[in-house]
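The values are calculated or read from the model by the stated rules, or taken from the named source; none is laboratory data. Model, not experiment: these values are computed from the prediction. For neighbour counting, all protein chains shown are included, and Cβ atoms are generated from backbone atoms with ideal geometry for every residue, glycine included. We work out accessible area using only protein heavy atoms, side chains counted, and drop any ligands, DNA or RNA first. Shrake-Rupley method; radii C 1.70, N 1.55, O 1.52, S 1.80 Å.
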There are 2 protein chains.
Amino acid sequence: MTDRVILATRNAHKVDEVRRILAAHRLDVEIVPLPDDAPDVPETESTFAGNALLKARAIAEITGMPAIADDSGLCVDALNGMPGVLSARWAGGHGDDAANLELVLGQMADVPDGRRGAQFVCAAAWVVPGEREQFVEGVLEGTLARAPRGTNGFGYDPIFVPGGYALTTAELRPEEKDAISHRGQAFRALAQVMASR
Amino acid sequence: MTDRVILATRNAHKVDEVRRILAAHRLDVEIVPLPDDAPDVPETESTFAGNALLKARAIAEITGMPAIADDSGLCVDALNGMPGVLSARWAGGHGDDAANLELVLGQMADVPDGRRGAQFVCAAAWVVPGEREQFVEGVLEGTLARAPRGTNGFGYDPIFVPGGYALTTAELRPEEKDAISHRGQAFRALAQVMASR
């Protein structure tokens, strides 16, 4: 029997990535998009794990179905770990990738090469109503480029260079990125938990 | 004899504030503005103290005169202490007070009242070429308002409410602000050091 799980996000890029990651894992789970009439869940927690759990719980409760949610972002050493949970709204509005990325580049303009360390972090939560809650976290270490490069992916991918790589995550092929990415790590771990249910 | 000291800043608001604070202290020191042809000193350090010392050293070396410099900013708890040393260029450009303030308000839009703590921090450095270097730091604790209020001061003054006050530092009279402010604390401490020379 195929499990049906709601993915608590309106971000089409995230749905694609999660489907791709779980499909590569041959997990027999059908990802159901968020119903159009589901309310927006404000991400008011101060940690990725807190927000992922908040979203998964809210959607599981509303729909009565198992739900998974991810909260992820870019943590920049020279910005004391920010944008962090504010990654998607760093420039003020929500989800304006170009503005967010330009702002981080501007804030980092005078930061020298040796101090441009950053991490991509993804927390993923799985909530089965009245049954169980689980969350996992994945981290990808890297550095920030000085200008955007590449057209794959989304968010801060064009300025993030994983440790040991010369390319940004927007220049890597999607499967290459998934193999090392924060979201790949988190959802593979979650898939194992779901498979052992 | 009146000591002459160069204040290493191009920010006219800072010159005014420092003159006002030192005058109230009856310190016999003449604040000389930065010469027009002095080069810009990039603030590349990751701490306020580091940048203040960097600027004071550079200007003392170029002019051969005693120099004081301040580096100051807003540290927001929910932003892990940022904008910090990037306060003046938080929105990307340099010194756009309105854009910086709007950006912080936008980033803090979903942060609830109990988590809006912030500090104004000022590090001030005094460098006498070939003789001595000294730095001091002042901190003002407070919280962030949800909209700008008041027209005094500069920078983030319109959104900063000192602990125990209902008004923002832009609503306080200048002398009231100086009595408690980060810059008041730092420059009064520096004035004592300079007086005991």
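Just a few scattered comments:
- If you go through region A:106-143 and keep only what is charged (D, E, K, R) and open to solvent by less than 60 Å² (accessible area, probe 1.4 Å), you end up with just A:Arg116.
- Taking residues in region A:30-49 that are under 18 Å from B:Pro112 (Cβ atoms), and partners anywhere that are open to solvent by 40 Å² or more (accessible area, probe 1.4 Å) and at pLDDT 85 or above, the pairs with Cβ atoms closer than 6 Å and at least 6 places apart or on different chains are A:Pro42/B:Asp110; A:Thr44/B:Asp110; A:Glu45/A:Leu54.
- Residues considered: B:Ala69, B:Ala78, B:Ala58. Of these, the only one that is part of a helix (DSSP H, G or I) and more than 9 Å from chain A (Cβ to nearest Cβ) is B:Ala58.
- Count of residues meeting criterion [buried (at least 18 other Cβ atoms within 10 Å of the Cβ), under 17 Å from the mean Cα position of the chain (by Cα), in a loop (DSSP other than H, G, I, E, B) and among the hydrophobic types (A, V, I, L, M, F, W, C)] in region B:144-171: 1
- Listed by first and then second residue, the pairs with beta-carbon distance under 6 Å, at least 6 apart or on different chains, first residue in region B:115-143 and assigned to a strand (DSSP E or B), second of a type in the set (S, T, N, Q), are B:Gly117/B:Thr143; B:Cys122/B:Ser72; B:Trp126/B:Gln134; B:Gly138/B:Gln185; B:Val139/B:Gln119; B:Leu140/B:Ser181; B:Glu141/B:Gln119.
- Flag if B:Gly93 is over 27 Å from A:Leu101 (Cα atoms), free of Cβ contacts under 8 Å to residues at least 12 places away in the same chain and not in a helix (DSSP H, G or I): no
- Residues that are in a helix (DSSP H, G or I), open to solvent by 30 Å² or more (accessible area, probe 1.4 Å) and not small (Gly, Ala, Ser), drawn from region A:1-31: A:His13, A:Asp16, A:Arg19, A:Arg20
- Residue check for B:Arg132: of a type in the set (Lys, Arg) and within 12 Å of chain A (Cβ to nearest Cβ): no
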